Amino acid sequence: MGNFSIGAMAIGKYFAMGDHARGMIAIGDTKAVGSIYEKLGKLTTQDITAIKELLDTNVPSYFLWAKNLIKLFLSAIG
């Protein structure tokens, strides 16, 4: 739980990824509840591009380090 969350039950204000994910951007295996983006299952290249753009436009600039870390993680799995 926090601003950014990855785990089995992920709840993040801006980004959440896990089996059950809830956040502004939510990526889940079983359940995903996102206010601006939600995705169940495997991410495509288009999904990753869209998520990176949403991070840039919706997450405050003082979280640049977290945005860059998530983008690096997404690039590695994509």
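The values are calculated or read from the model by the stated rules, or taken from the named source; none is laboratory data. Quantities reported herein were computed from a predicted structural model and do not represent experimental measurements. Glycine also receives a Cβ, built like all others from the backbone with ideal geometry; neighbour counts cover every protein chain displayed.
Please work out which one of (1) hydrophobic (A, V, I, L, M, F, W, C); (2) surrounded by 14 or more Cβ atoms within 10 Å (Cβ to Cβ); (3) touching an Asp or Glu at 6+ places or on another chain (Cβ under 8 Å) is the condition Phe4 fails and give its number.
For Phe4, the exception is condition (3).
For the stretch 47-78, name all the residues that are more than 13 Å from Phe15 (Cβ to Cβ) and of a type in the set (Lys, Arg).
Within the stretch 47-78, no residue meets the criteria.
Quick grid of which residues meet (1) at pLDDT below 95; (2) surrounded by 14 or more Cβ atoms within 10 Å (Cβ to Cβ); (3) in contact with a Phe, Trp or Tyr (Cβ under 8 Å, 6 or more places away or on another chain):
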| residue | (1), (2), (3) |
| --- | --- |
| Ala8 | no, no, no |
| Met17 | no, yes, no |
| Ser35 | no, no, no |
| Leu40 | no, no, no |
| Asn58 | no, yes, yes |
| Leu64 | no, no, no |
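For the stretch 19-33, enumerate the residues that are surrounded by 18 or more Cβ atoms within 10 Å (Cβ to Cβ), without any contact (Cβ under 8 Å) to a residue 24 or more places away in the chain and not small (Gly, Ala, Ser).
Arg22 - this is the single residue of the stretch 19-33 that is surrounded by 18 or more Cβ atoms within 10 Å (Cβ to Cβ), without any contact (Cβ under 8 Å) to a residue 24 or more places away in the chain and not small (Gly, Ala, Ser).
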